[in-house]
Amino acid sequence: MSVHWSKWGFLLWSSCIWLTISPGAAVAASSFPLRHRVVPKPVPRVRTEPSIAAGAALYVRGCLSCHGPRGNGEGFWSLPTGGQAPRLDQLDGSAWTPSAVSAVIRQGGGLMPSWGKVLTPGQIQSLAMYVESLNQRVAPVPKTETPEPKSTRELWHRSH
Amino acid sequence: MSQSTSAVTFPQEKLTRRGLLGGLGMVAGLVGGSTVFRYAAYAQSRAAIEPIQPFRFVHLTDTQLGYVGDANRSVLGSLQLALEAIGALSPAPDFMLVTGDLTQGTPSDRERKNRLVFFQQTLEAVKIPFYTVPGEHDALMDRGKVYQTVMGDLRYGFLHKGVQFIGLDNVSQGFFLGKDQLAWFNGQIEKMDVTRPLILFCHAPLYNVFAPWNWYTFDGNILRAMLSRFRRVTVLYGHVHQIIAHTTQNIRHYAGLPTAWPLPEPGPLVELKPWPQGATHPYLGLGLRVVDVLASGDLKLTNLLLSEVSHVSALE
């Protein structure tokens, strides 16, 4: 391949690009070095309400390692002092009120991290809601009618 | 071990000054009108910098003093073997960086203090200055209180022969840097020259190696974004007890060999556990790293295996 050709071709090509994008690029180029010019993507400002779903996602990133899947106490990382972090799916509801759960996530203590140093109050609320959902002792039964069993004859008809 | 040499180098060819100038021609087309201005600014900033004087330092990590168990039946013995190898290096290193888990975790503040003091005395015996950052074993239990009384600050920076160093704490509150530290860090790098090599050292990786084993920093992405303007950033870390090399955008990340015990490769979703130390290969997977800073600012990394430290003279 001709080196000269590719070099000039590239310059020609890039000048065209330059003419097209120059107004925006001038602003972006001024604050970035040559090699690592990252043009930040616009991030839409969405205010998200705390939710169990958001809590579940945060849990996988931050809590699963120590407290295990769905808070079953079978973390993949044992504590520096040996042993495991406690399970979170059988909390005593009278001691672990929603505000107590939020408080322990925020402040931590001992080998439980102080998540308030890194998470927003909304994120902590989401996590507390998720932890609470793990402790829903009486699962709400969906209201559906159990269908009557079909007669064998009818099934025979259907399958032919 | 079938590999006979323990010298593994990762020249930082991507981030050299020559590479940067070479890249200039290519970028010229894209940056167009501002090229001349940018080139002048670059030349000016280079002139303002005192040249880097070549030097050597050592990266030690995860020494876990105080551990008693099968993963390493003498953590002190393997640390001392490493220190002997360091003492024999020629040219001698200017200092040692120790990236956390200096001691094995304990619930007792008193015992933690004893272990940290013992670590300090063991390293002081080598008569080479050293800088440390905490690991979760040293600092999570009491949020770094005892660590600070014995070892000093949890985070700090220093300048050595033209190279910037910043030690970070991503363990004492949990596996994250936290809003306060990020604000502090931002203040530190604001005053810094983006063309000068910057070496960060911390315990846990600053990118997500494997979160289920806590091999990550929850808010590491924020710190990495703050560094997007910097051209030569290297992170030296520990915690994962094995060599891992990785690049994120403009940053190179290198995990160091532990002196305590090796750990398995990340990936399987199983509980993280070390193996019992082998009787025939007691030092398998243990070692340290020698870093040579060249006049160009490039780093030459050499990993020394404890099982092969007799090869140290080959490093001269």
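General observations
- Taking label points 7 Å from Cα along the Cα-to-Cβ direction, A:Val104 and A:Thr81 give a separation of 1.4 nm.
- Modelled this way, with points 7 Å down the Cα-to-C-beta line, the labels at B:Ser90 and A:Asn135 are 6.6 nm from one another.
- Potential extension, A:Asn72-A:Thr97 segment - 0.36 nm per residue separation minus Cα distance: 7.1 nm
- Set B:Lys127/B:Lys161; B:Lys179/B:Lys273; B:Lys145/B:Lys191 screened for pairs whose C-alpha atoms are more than 23 Å apart: B:Lys179/B:Lys273; B:Lys145/B:Lys191
- Computed with every protein chain present, the accessible area of A:Leu111 is close to 30 Å² [probe 1.4 Å].
- At R0 = 30 Å, FRET efficiency that the Cβ-Cβ distance of B:Met192 and A:Lys41 yields, to 0.05: 0.70
- In the range A:62-91, the residues that give up 30 Å² or more of accessible area when the other protein chains are added, compared with the chain on its own (1.4 Å probe), are A:Ser65, A:Phe76, A:Trp77, A:Pro80, A:Thr81.
- Solvent-accessible area of B:Lys273 with every protein chain in place, 1.4 Å probe, in Å² to the nearest 10: 120 Å²
- Each part gets one Cα centre, and for the range B:186-260 versus the range A:49-91 those centres are 25 Å apart.
- Summed residue charge, Cβ within 12 Å of B:Phe55's Cβ, Lys/Arg positive, Asp/Glu negative: +1
- Solvent exposure ordering (accessible area, 1.4 Å, most first) of B:Ser108, A:Ser99: A:Ser99, B:Ser108
- Taking B:His246, B:His160, B:His239 and ordering them by how much accessible surface each has at a 1.4 Å probe, largest first, produces B:His246, B:His160, B:His239.
- Accessible-area rank, largest first, for B:Trp184, A:Trp77: B:Trp184, A:Trp77, with all protein chains present and a 1.4 angstrom probe.
- Where a label projected 7 Å from the Cα of B:Asp70 along Cα→Cβ would reach, residues of the range B:248-276 with amide N under 11 Å: B:274-276
- A 1.4 Å probe, protein heavy atoms only, puts the accessible area of B:Phe175 near 10 Å².
- Projecting the Cα atoms of B:Phe95, B:Gly144, B:Ala85 onto the charge dipole of the range B:39-154, computed from C-beta unit charges around the Cα centre, puts B:Phe95 farthest toward the positive end.
The values are calculated or read from the model by the stated rules, or taken from the named source; none is laboratory data. This one's a predicted model, so the numbers in the text were calculated from it and none came from an experiment. Cβ sites come from the backbone with ideal geometry, for glycine too, and all protein chains shown count toward neighbours. These area figures cover heavy atoms from the full protein model, side chains too; ligands, DNA and RNA do not enter into them. Shrake-Rupley method; radii C 1.70, N 1.55, O 1.52, S 1.80 Å.
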